[in-house]
Amino acid sequence: MSGVGKTELAIKYAREHEQDYPGGICLLTARDKNLAANILLFAQLYLKLEVPQEFRGKPLTRKEQVNWCWQNWQPPEASVLLVLDDVTSWKSCRDFLPKINRFRILITTRLRNLDSNFVELPLKVFSLDEALELLTNLVGERRVQRELQTATDLCKWLGYLPLGLELVGRYLKEDPDLSLVEMWERLKEKRLEDEAINPSDEQLQDTEMTAERGVKAAFELSWQELNPISQGTGQLLSLFKPTVIPWELVTFSSETQALGWTTEEIKSAKKELYKLSLIDRIDNNKYKIHPLVREFFKAKLAFSEQANDKETFSAAIEAFYNKLGNEILEQKLNDIENQIAEYFEQLEFEEKCNPEDCLTLDLEDITVTIDSVRTNQKKLLYVGDDFFKFELSVEIVFIPEGSYPDEELSYYDSEEGEVVFLNHITEVQEESTATITVKVKILFDENDPDINKVECVVKEPIKFDRQPTEFNSPWNYNNGED
């Protein structure tokens, strides 16, 4: 994808291995699809070659003129490194590449699987540690450590993209009074429109950066190469959560909303988005979209003809997530109910009884034995960036067990002014039923949904009914006599 540092790495390699190529290094931009003209211009300016226009009275084609340049490259012997930066079409440049063994060819491109004859070296975004290291190098260690959590959040929002990190880091470096939290708040508000991440051409020219464009402009180049259905699919993807996207969700949404896209067109869009590195394949028919690419697609949706379909798209996606979330919940329900049962056994229990004139002997140290746990209702509350949240209504059948004082073995302590019980009698009640509300949070990662947390919302002690045990004292408490 754009912004991972392909050009920077190619230049770094060329500089560090200059001694390995005594025949010279030729670095050309291939984006404008006029590679032949660039090669001829390089030969004239730097090799001082007079490229012939004809041979034996017959005009030479561009391809023949380029081949002549390779044959007459100066110096005539020694290895040469040819770097073609940002190739967007293999067809437009393959006929103009040298066939002579002394030439080594290094290509940078956003296209996956450019050609089987090349060894492909995929570049990924940074890890968190690498992102923080780059930010630290740009703005200083003290500044980053002072706002470490904000720096981490900033790196995450930028998706650890080297271009985004370098642009924001350089912007912060130029304004030492701008805090990281202020920068973070600005980016959240202005998104890709903020000048820190979307500088003008003039602002970029004033830096020593290899990049010639900001993040938005870099993505725009890929956008222009997409066909309309692929663009529409990208806009649809911007409504999804920035997590793993099962491709059946895309198909489900497009079919549900009657967009007029055929199954083959959706498959073609997926292929095109993947080839241009705008989506990443995680697993079989599961894909992921970079956070900044998602922001770019979302901005495109806001100004597209499909903007009015956003609510309809969202409804379809919500329906699919409800289906997907419930499938995940069903797989985990036994584990969840076991956790709820363990939680329930640790709750405090109270008797619910209404004594009249007599002294009521309450059960003490109540424990429960659970007979059954059953979920009788579930509802999807919310889908976050990386989790589902459900509300469950769980019915638990249990038997409470406790002890009450033995009135026959008791006496009145006149000094303390209270009845003292010397023994307790164990009592097991009949089955009781409790219904509790439980919030369940299911966190899913890049590969597999997994239970992260089960939150049981029970704010009041569980109460159950029992007929009070009446204690008729033989003593006169007022007189304190036995």
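The values are calculated or read from the model by the stated rules, or taken from the named source; none is laboratory data. What you are looking at is a predicted structure, and each value in this text was computed from that prediction instead of being measured. Cβ sites come from the backbone with ideal geometry, for glycine too, and all protein chains shown count toward neighbours. Only protein heavy atoms, including side chains, enter the accessible area calculation; ligands, DNA and RNA are left aside. Shrake-Rupley method; radii C 1.70, N 1.55, O 1.52, S 1.80 Å.
Six or more apart or on different chains, Cβ under 8 Å: which pairs go from a residue in region 26-46 that's among the β-branched types (Val, Ile, Thr) and modelled with pLDDT of 90 or more to one that's open to solvent by less than 20 Å² (accessible area, probe 1.4 Å) and assigned to a helix (DSSP H, G or I)? Could you list them?
The qualifying pairs are Ile39/Val66; Ile39/Cys69.
What about Leu165, is it under 11 Å from Val215 (Cβ atoms), at pLDDT 90 or above and not polar (S, T, N, Q)?
In short, yes.
Taking region 12-27, which residues are crowded, with 16+ Cβ neighbours inside 10 Å and either part of a loop (DSSP other than H, G, I, E, B) or aliphatic (A, V, I, L, M) (or both)?
Passing the criteria: Ala14, Tyr21, Gly23, Gly24, Ile25.
When you go through Arg56, Arg104 one by one, which is the residue that is open to solvent by 20 Å² or more (accessible area, probe 1.4 Å) and out of contact with any strand residue (DSSP E or B) (no Cβ under 9 Å at 6 or more places or on another chain)?
Arg56
Condition first: out of contact with any Leu (no Cβ under 9 Å at 6 or more places or on another chain), at pLDDT 80 or above and acidic (Asp, Glu). Now tell me which residues in region 366-411 satisfy that.
Of everything in region 366-411, those that are out of contact with any Leu (no Cβ under 9 Å at 6 or more places or on another chain), at pLDDT 80 or above and acidic (Asp, Glu) turn out to be Asp371, Glu395.
Got a number for residues in region 393-416 being in a loop (DSSP other than H, G, I, E, B) and open to solvent by 50 Å² or more (accessible area, probe 1.4 Å)?
Qualifying residue count for the region: 6.
Among Leu148, Leu154, Leu128, Leu134, which is modelled with pLDDT of 90 or more, under 18 Å from the mean Cα position of the chain (by Cα) and open to solvent by 20 Å² or more (accessible area, probe 1.4 Å)?
Matching residue, one of Leu148, Leu154, Leu128, Leu134: Leu128.
Before we move on, is Gln74 within 17 Å of Arg102 (Cβ to Cβ) and assigned to a helix (DSSP H, G or I)?
So Gln74 fails the test.
Say whether the condition of being without any contact (Cβ under 8 Å) to a residue 24 or more places away in the chain, assigned to a helix (DSSP H, G or I) and within 51 Å of the chain's Cα centre (by Cα) is met by at least one residue in region 56-65.
Checked against the condition, which is being without any contact (Cβ under 8 Å) to a residue 24 or more places away in the chain, assigned to a helix (DSSP H, G or I) and within 51 Å of the chain's Cα centre (by Cα), region 56-65 yields at least one hit.
Just wondering, is there one or more residues in region 171-189 that are in contact with a helix residue (DSSP H, G or I) (Cβ under 6 Å, 6 or more places away or on another chain), among the charged types (D, E, K, R) and open to solvent by less than 30 Å² (accessible area, probe 1.4 Å)?
Within region 171-189, not a single residue is in contact with a helix residue (DSSP H, G or I) (Cβ under 6 Å, 6 or more places away or on another chain), among the charged types (D, E, K, R) and open to solvent by less than 30 Å² (accessible area, probe 1.4 Å).
Of all residues being of a type in the set (A, V, I, L, M, F, W, C) and either in contact (Cβ under 8 Å) with a residue 60 or more places away in the chain or open to solvent by 80 Å² or more (accessible area, probe 1.4 Å) (or both) in region 420-433, which is nearest to Cys456 (Cα to Cα)? Just the residue, please.
Val428
What about Arg143, is it free of Cβ contacts under 8 Å to residues at least 40 places away in the same chain and either part of a loop (DSSP other than H, G, I, E, B) or surrounded by 13 or more Cβ atoms within 10 Å (Cβ to Cβ) (or both)?
yes
Can you work out which of the residues in region 293-319 that are farther than 21 Å from Tyr274 by Cα and among the aromatic types (Phe, Trp, Tyr) is modelled with the highest pLDDT?
The selected residue is Phe303.
Given the conditions (1) of a type in the set (Gly, Ala, Ser); (2) open to solvent by less than 30 Å² (accessible area, probe 1.4 Å); (3) touching a Leu at 6+ places or on another chain (Cβ under 9 Å), and given that Ala37 satisfies all but one, which numbered condition is not satisfied?
Failed condition: (3).
Taking only pairs six or more apart or across chains, which ones have beta-carbon atoms under 7 Å, a first residue in region 180-199 that is without any contact (Cβ under 8 Å) to a residue 12 or more places away in the chain, and a second residue that is hydrophobic (A, V, I, L, M, F, W, C) and open to solvent by less than 10 Å² (accessible area, probe 1.4 Å)?
Close Cβ pairs satisfying both conditions: Asp194/Leu187.
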